[in-house]
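Trainee: Sharing a structure, written as structure tokens. Questions coming.
Readers should treat all values here as calculations from the given coordinates under stated rules, not as data from a laboratory. Just so it is clear, the structure is predicted and the values come from calculations on it, not from any experiment. Neighbour counts are summed over all protein chains in view; Cβ atoms, including those assigned to glycine, are modelled from backbone coordinates with ideal geometry.
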Amino acid sequence: MSKDFIMVPLLLVFIAVLGSGLAQNDFSDPIMCYKCDGEAMNSSCADPVEVDTIDQKKCNRGICLKWTKYVGTVLQIYRSCSSDLNFQLTMIDGVCRTERNGNGWLCMCGKHLCNRSPPRPVQKGIMTSFVAVLVSLVVLA
């Protein structure tokens, strides 16, 4: 087995990890986020959100959030900054998490005004990793 046989897949995995955004970001720079709170089915905060009708907030640090959760039997949407929350949160750009109790989900993003729309079904990191594996299979064939 040659060194190239091992090095090419390792190099491709390294490139995929860098391209997927897994490199650490401390989110210490200021960021602009949309800020609103309302019913998910009938408010200015509902999807698809009309950005001309909701406020923008300058956050000193952190990420933008879109938190969709049930309050009683009503589905609510809350858009703002991670610094507005009163609990610890591991911040990861481009990730959605389901609440432990199944009551809702929280989506995070690290670019200016990124909390305006629903998340894409396929994350950039997943697609980059898939392409890297596919290329390594072609190279090894």
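Trainee: Work out the length of the dipole vector of region 31-115 about its Cα centre, built from +1 on the beta-carbon of each Lys and Arg and -1 on the beta-carbon of each Asp and Glu, and round it to the nearest 20 debye.
Mentor: 340 debye
Trainee: Length gain on complete extension for the stretch Thr98 to Asp37, per 0.36 nm per residue less the alpha carbon to alpha carbon distance?
Mentor: 20.1 nm
Trainee: Given a Förster distance of 22 Å, report the FRET efficiency between Leu85 and Asn25 from their Cβ-Cβ distance, rounded to the nearest 0.05.
Mentor: So, using R0 = 22 Å, E works out to roughly 0.75.
Trainee: Using the count of nearby Cβ atoms within 10 Å as a rough guide to exposure, how do Tyr78, Tyr70 rank from fewest to most?
Mentor: Arranged by neighbour count, lowest to highest, Tyr78, Tyr70 become Tyr70, Tyr78.
Trainee: With a 10 Å Cβ neighbour count serving as the proxy for reagent exposure, in which order, fewest first, do Cys45, Cys33 appear?
Mentor: So the residues, fewest neighbours to most, are Cys45, Cys33.
Trainee: Assuming 0.36 nm per residue, please report the length gained on full extension of the stretch Val74 to Asp47 beyond their Cα-Cα distance.
Mentor: Working it through step by step, the gained length comes to 8.2 nm.
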